[in-house]
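**Q** I am attaching a structure below and will ask some questions about it afterwards.
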Amino acid sequence: MQQKDKGELAAFFEAFFGGGVMGFAVASFGLLGILVLFVLLSGRTDFLLLLTAFSFGASFVAFFARVGGGIYTKSADVGADLLAN
């Protein structure tokens, strides 16, 4: 009898769904930030500069997240560690 909560298949699904949730969360927070920026600051004369600065900052954070191993790699690592025992 084989356990369904251990092994490669369980580790794959754990990493896949964990990475999917994290990916959607990151994209949702980015869209939420743009929405807040538009709602609060769209009437200012320097709005284009603020939008550009926000976009540059978000790209900078995304770059360092990717350099640090990325979302899916971290989720796969944690999922494999949880299910390997």
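**Q** Considering only residues that are open to solvent by 90 Å² or more (accessible area, probe 1.4 Å) and assigned to a helix (DSSP H, G or I), which ones fall in segment 33-54?
**A** Those that are open to solvent by 90 Å² or more (accessible area, probe 1.4 Å) and assigned to a helix (DSSP H, G or I): L35, F38, V39, L40, L48, L49.
**Q** Identify all residues within segment 1-60 that are within 15 Å of the chain's Cα centre (by Cα) and of a type in the set (S, T, Y); write none if there are none.
**A** Those that are within 15 Å of the chain's Cα centre (by Cα) and of a type in the set (S, T, Y): S28, S59.
**Q** Please enumerate the residues belonging to segment 1-32 that are loosely packed, with under 10 Cβ neighbours inside 10 Å and of a type in the set (K, R).
**A** Selection gives K4 alone.
The values are calculated or read from the model by the stated rules, or taken from the named source; none is laboratory data. Please read all numbers here as calculations on a predicted model, not as lab measurements. No Cβ is skipped: glycine too gets one built from the backbone with ideal geometry, and neighbour counts run over all protein chains shown. All accessible areas refer to the heavy atoms of the entire protein, side chains included, with ligands and DNA or RNA removed. Shrake-Rupley method; radii C 1.70, N 1.55, O 1.52, S 1.80 Å.
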